[in-house]
Each structure stands twice: as structure tokens, then as C-alpha cells.
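Asks: Pasting a structure below so you can have a look.
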Amino acid sequence: MSDSLAVVGAGAAGAAAAYRLRDADRDATVFEKSRGVTGRAATRRRNGCRYDHGANYVTPGDGPVADLVRDLGDDGRHDIAEPVWMFDGAGTVAPGRDSGEPKWTWAAGITQLGKRLLARTDATVRRETRVRSLARTADGGWALTDADGETYGPFGDVLLTPPAPQTADLLAATDWDDERLAAARDAAAAVPYRSVVTAVLHYPFELDREWYALVNTDDDHDVGWLARESCKPGHVPDGESLLVVQMAPDWSATHYDDPDGDQVAAAADRVAALLDDDRLLDPDWTDTQGWRYALPDAAAEREPLSAVADAGLHFAGDWVAGEGRVHAAVESGLDAADRIR
Ligand SMILES: Cc1cc2nc3c(=O)[nH]c(=O)nc-3n(C[C@H](O)[C@H](O)[C@H](O)COP(=O)(O)OP(=O)(O)OC[C@H]3O[C@@H](n4cnc5c(N)ncnc54)[C@H](O)[C@@H]3O)c2cc1C
């Protein structure tokens, strides 16, 4: 049986798994459908600004992530100094809710996490390669076929890290005559998700506040999260400000397919009212991103997923950990790598 390994997805979980197996002599190939890596921990550059429009920062959690992040080097990494405050449905802003743990970010953007992990491996990273199906091979391995019909493998082990609904789709497109397959697919398909619409609002003036971000605490506001990207060194030039606004899950579900202009107008309207500043009604440029599978609301049932491990099929990601956080995805990737090893 081949010792080669396929990792589907170069998000935090997939990159961490490849990193953990870097010394295992496993001939790893990472398949990533996008051009960039680190998945929902995503960064864009525009008009001299850099902004993290998915995950905002990485927290260490209480596992191995702190050591791992430090192993990746201090250069360009910052702990956001300003605190996270909170607000309620009535628009009252108040201090609090900052745990005091580090909020790590990188001057070059949060994608540095995945880039640095993968740079320390010998894995082949196939970007812009969307895996569409899997098939069991005669020798008990796995072949992967991409969206262009190209086939790769055989691989002795496959680690699937896309969000649970996309993993369920892959399992539905898997050619393997084994009753455990349907149970694993059902376990992935059952994970509930929240969608989030992110609106990015840029202004040609500085916005000074005591906080880095505001989080809504009573689920009674159209905005769920609002962050000042200028608190991240290297992201926003002096004299400008850029707000990353994550609309609340209810609002996002209702308005997910609205035109971009309507989404940013709603975000600017709510933010101007919340911060009591009419200048914020009129950003000079904007951006949006819809995250259909933003945050898993529960963990997948474990047993059906682990039941296929002896056939070389493995799973990792925030939905396996049951927590929509970068550190949880990283830990899940490290755990999967240890099991594969
Ligand atoms: C708006 C938003 C804000 C957030 N804020 C924070 C935060 O501040 N702090 C925090 O810790 N967490 C935050 N999170 C959660 C965090 O981003 C995720 O928990 C974490 O990034 C998940 O990592 P993952 O590797 O499990 O999945 P993903 O990042 O989704 O990675 C999966 C990868 O698989 C790829 N893929 C999917 N299908 C295929 C296919 N068929 N073939 C090849 N590749 C495929 C995807 O392109 C992606 O790169 C936020 C998430 C969102 C959406």
C-alpha cells in the first residue's frame, strides 16, 4: 500500500496536518480549490490596505497552538493591543468581554498562518485544484479526481478538511462499496452552520476609539462584530480607517443574496448609528464577502467518522472539533496527523 497522503483543503486544519507530518516521509499532496491558502482565515489587499475579512485573529486556546505559532517565528506577528468591547441590541457600547489572551495577527495578514505552516513542509501544494470525487482503488488506496477530470493517486490515506457540507458532498461523490461511507457522509451533512456576510468599509480619515473590536452579546442587533483593522500593524495607512463588519447570522441568512451595494449600505447604516458618527454612512470604497459555511454550530458525531479511519479516510476541521475557531481547526489537523502517523 502506498505511503502517500492526500490532504484536501489548505485551511488551518489541512496546513497544520501537513506541518505535523513534515518529518513523517509521507509524500504529501495538499489540494486547495482556491488560489490562496488558510481558507476562512483569509486576507485581501486593496488600495494600499490589507484586511482579514474572515477570521480576525488567532487565539492560542489551551492546547499546542501557542507553541506552534511561536515556532513559526516572531517576524511580522503582533498581538492586537486594544481590547474587544461589547454592545447590545439597544446599541449600548461597554467595556468587557476581552479574555486577555493574545489576539495574534500578522502584518502580512492572517493567511501567514497557513503559508508559514506549509512553507515548512515538503508537501506538494496544488492550488486552484478542486477535488470533485474519490474512488477506492484495487490495491486498497484512494484516487482523487479534480473538477477538470484529472486523476491523482493512489494515496494510502486521504484527509478531508473542507467545511462539513462540502465534505459531505465529496463523500456523496465517493466510489466505495462500503456501508460505513453513508454513515460518515450523514455525520458530516448533519453539522449545522451559521452564515455570515462580511462588509468592509474604508474611510479617508482615522477613527480613534479605545477598542479594537465590538462584539454583540445579546443576538439582538443586525451587526454581530465590528473591528478596526487599523489596530493591526501594516494593514491600514495612517490617516485612513477600515472597518470589518460581520453582519449577524439572522441578518446574513436573510440578506445573503442581496446585491453587494445593499449589503454595504446596511452595514454602514448600522455602524454609523452604533458609533453615533454620520461620517460612517459614506465609505469611500467597500468590499463584501459571503461566508455560507462560516461557523459550525456543533461538532460532527465522531464514531461514523473514525469508523472509516482503518480504510485510510480521515477528517479534520473546526466542524470535527466542534468550535468555529482557528486554533480549534489547527488542533483538529494536528490530531488527525497523529492518528494518520
Ligand atoms: C467571518 C468569520 C469570522 C471568523 N472570525 C474568527 C476569529 O476571529 N478567530 C478565530 O479563531 N476564528 C474565526 N473564524 C472561524 C475560523 O475562520 C475557522 O474556524 C477556521 O478558519 C476553519 O479552518 P478549517 O481548516 O477547519 O476550514 P477552512 O478554513 O474552511 O479550510 C478548508 C479549505 O478547504 C478548501 N476546499 C473546500 N472544498 C474543497 C475541494 N473540494 N477541493 C479542494 N479544496 C477544497 C477551502 O477552499 C478551504 O481553503 C471566523 C470565521 C468566519 C467565516
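Asks: Which members of the range 87-112 meet the condition of being open to solvent by 60 Å² or more (accessible area, probe 1.4 Å) and not charged (D, E, K, R)?
Replies: Within the range 87-112, the first condition is being open to solvent by 60 Å² or more (accessible area, probe 1.4 Å), and the residues that meet it are 90, 92, 95, 97, 99-101.
A90, T92, P95, S99, G100, listed by residue number.
Asks: Picking from T43, T29, which residue would you name as being more than 15 Å from L117 (Cα to Cα) and polar (S, T, N, Q)?
Replies: Details: T29 fails: more than 15 Å from L117 (Cα to Cα).
Of the residues listed, the single one that is more than 15 Å from L117 (Cα to Cα) and polar (S, T, N, Q) is T43.
Asks: Give the residue that is farthest from the ligand (Cβ to nearest atom), with candidates limited to residues of the range 295-321 that are within 14 Å of A190 (Cα to Cα) and part of a loop (DSSP other than H, G, I, E, B).
Replies: E301
Asks: Any residue at all in the range 97-114 that's of a type outside the set (S, T, N, Q) and without any contact (Cβ under 8 Å) to a residue 12 or more places away in the chain?
Replies: yes
Asks: Additional query: Find the strands (runs of 3 or more DSSP E) located wholly in the range 208-252 whose residues include 3 or more that are out of contact with any Pro (no Cβ under 9 Å at 6 or more places or on another chain) and within 17 Å of H53 (Cβ to Cβ), and list them. Working first, answer last.
Replies: Values: elements: 213-216, 223-228, 241-247.
Output list reads 223-228, 241-247.
Asks: Taking the stated definitions as given, is G324 more than 13 Å from the ligand (Cβ to nearest atom) and either within 25 Å of R185 (Cβ to Cβ) or acidic (D, E) (or both)?
Replies: Spelling it out, it is not the case that G324 is more than 13 Å from the ligand (Cβ to nearest atom) and either within 25 Å of R185 (Cβ to Cβ) or acidic (D, E) (or both).
Asks: For the range 117-130, give me each residue that is at pLDDT 95 or above, on the phi < 0 side of the Ramachandran plot and either open to solvent by 30 Å² or more (accessible area, probe 1.4 Å) or in contact with an Asp or Glu (Cβ under 6 Å, 6 or more places away or on another chain) (or both).
Replies: Filtering the range 117-130 down to residues at pLDDT 95 or above leaves 117-121, 123-130.
Then drop every residue that is not on the phi < 0 side of the Ramachandran plot, which leaves 117-121, 123-127, 129-130.
Those that are at pLDDT 95 or above, on the phi < 0 side of the Ramachandran plot and either open to solvent by 30 Å² or more (accessible area, probe 1.4 Å) or in contact with an Asp or Glu (Cβ under 6 Å, 6 or more places away or on another chain) (or both): A119, R120, T124, V125, R126, R127, T129, R130.
Asks: Another question, then. Being at pLDDT below 95 and either more than 18 Å from the chain's Cα centre (by Cα) or of a type in the set (A, V, I, L, M) (or both), is that true of even one residue in the range 103-116?
Replies: No, every residue in the range 103-116 fails to be at pLDDT below 95 and either more than 18 Å from the chain's Cα centre (by Cα) or of a type in the set (A, V, I, L, M) (or both).
Asks: Also, I was wondering about something else. Hey, can you tell me all the residues within the range 155-173 that are surrounded by fewer than 21 Cβ atoms within 10 Å (Cβ to Cβ) and over 30 Å from H53 (Cα atoms)?
Replies: Result: G156, A172, A173.
Asks: Just for the range 272-292: of the residues that are open to solvent by 80 Å² or more (accessible area, probe 1.4 Å) and under 28 Å from the mean Cα position of the chain (by Cα), which one is nearest to G239 (Cα to Cα)? Step through it out loud before you land on a result.
Replies: Applying the first criterion (open to solvent by 80 Å² or more (accessible area, probe 1.4 Å)) to the range 272-292 yields 276, 278-279, 281-282, 284, 292.
Those left that are additionally under 28 Å from the mean Cα position of the chain (by Cα): 284, 292.
Values: D284: 13, R292: 34 Å.
If we take residues in the range 272-292 being open to solvent by 80 Å² or more (accessible area, probe 1.4 Å) and under 28 Å from the mean Cα position of the chain (by Cα), then D284 is nearest to G239 (Cα to Cα).
The values are calculated or read from the model by the stated rules, or taken from the named source; none is laboratory data. What you are looking at is a predicted structure, and each value in this text was computed from that prediction instead of being measured. All Cβ positions, even for glycine, are placed from backbone atoms using ideal geometry, and neighbour counts span all protein chains on display. Note: accessible area is taken over every heavy atom of the protein model, side chains too, but ligands, DNA and RNA are not part of it. Shrake-Rupley method; radii C 1.70, N 1.55, O 1.52, S 1.80 Å.
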